[in-house]
Amino acid sequence: MIGFIGAGSIGGAVITGLIKNGFDADQITVKGGRSNRAQLLEDQLGFKIVKKVKQLEDAEVIFIAVGANALDSVLSELKEIAADKLIVAFTGSASISVLKQGLGEVKVAHAIPNTPVKVGAGFTGITYSSDFTAADKKKVASIMGYTGQIVEVPEDQLGILGTVAGCSPAFLDVFIEALSDAGVKHGLNRQLAYEAAIGMAIGAGKLAKQSELNVSALKDEVTSPGGSTIKGVATLEENGFRNAVIKAVDAAEE
């Protein structure tokens, strides 16, 4: 059995991604917060809800998905049952040292998923404490694998990886919306414009992942001499597109 503390935006997305992609809902127990989000998800997905952290004592792996302001109180409650468990925290401020300080000599990991975990297409960066064994890592990875890709990184890279993978879905949503607006401006109906932009994003991402070429070379394949695409790329450059993306990441990292 696995346990969750919190079922908000990220916790709920991970739980949904797990169950929708084949993880047994009967093996998930969730301790929700004061909102009714956990109850609403339970009605849809069929996992078990409990009222107290100590009721997760049978879980082998416990995922913490609460805001930074609730982390200390959660760690205080969790310490009573955490000794033989693997603890994975999604909270941004939950560094390995913070988790160890709150829980003592317990195996802990800090992970930052992005929202596409909800549809099994997520990207999660994770850092494990030094006492995690290869078997422990395999267990966590096998669970999170239901939600998409999981990559182990040093802790000093976890923040920027989380920004690049975690904030960028919102950046991409803005880009998709802008493409759709442009399509509507030139005569497409709104639904078709959205479908075209979203379909492009899915296909281009899949091609970039599966191709042996890097994204610069893939761009070159589309930009024929004097063609419409290179004119559009040049206009993006004139308007600071690359710099805007870099500055957006800089701002999110501050």
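The values are calculated or read from the model by the stated rules, or taken from the named source; none is laboratory data. Here the structure is a predicted model, which is why all the values come from computation and not from measurement. Don't worry about glycine lacking a Cβ; one is built from the backbone with ideal geometry, like all the others, and counts go over all protein chains shown. Accessible surface areas use protein heavy atoms only, side chains included; no ligands, DNA or RNA. Shrake-Rupley method; radii C 1.70, N 1.55, O 1.52, S 1.80 Å.
Quick look at the values:
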read-out	value
Distance (nanometres) between label positions extended 7 Å along Cα→Cβ at ALA244 and GLU212	3.6
J(HN,Hα) series, the range 43-56, from Karplus relation 6.51 cos²θ - 1.76 cosθ + 1.60, nearest Hz, glycine and proline x	4, 7, 10, x, 7, 9, 10, 10, 9, 10, 4, 5, 6, 9
Long-range HN-HN contacts of GLY148 with modeled amide H, under 5 Å	GLY122
Within the chain: Cβ-based charge dipole about Cα centre, in debye rounded to nearest 20 (Lys, Arg +1; Asp, Glu -1)	480
Alpha-carbon centroids, the range 98-160 and the range 213-229: separation in whole Å	36
Dipole axis of the range 169-239 (+1 Lys, Arg; -1 Asp, Glu on Cβ), positive-most option in HIS186, ALA201, SER211	HIS186
Residue-count net charge about ALA248 - beta-carbon cut-off 12 Å; Lys, Arg +1, Asp, Glu -1	-1
Sites ALA141 and VAL164 - FRET efficiency at Förster radius 22 Å, r taken between beta-carbons, to 0.05	0.60
Modelled label reach - GLU80, point 7 Å along Cα→Cβ, the range 18-60 residues with backbone N closer than 20 Å	29-34, 49-60
The range 105-203, dipole about Cα centre (Lys/Arg Cβ +1, Asp/Glu Cβ -1), debye to the nearest 20	300
3J(HN,Hα) from dihedral phi, the range 110-124, Karplus parametrisation 6.51/-1.76/1.60, rounded to Hz, x for glycine, proline	10, 10, 10, x, 10, 5, x, 4, 4, 10, x, 10, x, 9, 10
Cα shape, the range 138-253, gyration tensor, a/c 1.5 rule	prolate
Exposure ranking of HIS186, HIS110 by accessible area [1.4 Å probe, largest first]	HIS186, HIS110
Long-range amide H partners of GLY125 with built H, under 5 Å	ILE112, VAL151
In Hz, Karplus ³J(HN,Hα) per residue of the range 79-93 (6.51, -1.76, 1.60; θ = phi - 60°; x = Gly, Pro)	4, 5, 10, 7, 3, 10, 10, 9, 10, 10, 10, 9, 5, x, 8
Accessible surface, the range 151-231, averaged per residue in Å² (probe 1.4 Å)	69
Student exercise, the range 1-129 dipole from Lys, Arg, Asp, Glu Cβ charges, in Debye to nearest 20	300
Contour excess over end-to-end distance, with Cα ends at SER93 and ASP72 and 0.36 nm allotted per residue	6.5 nm
Sulfur and carbon atoms: percent of accessible area, the range 40-187 [1.4 Å]	54
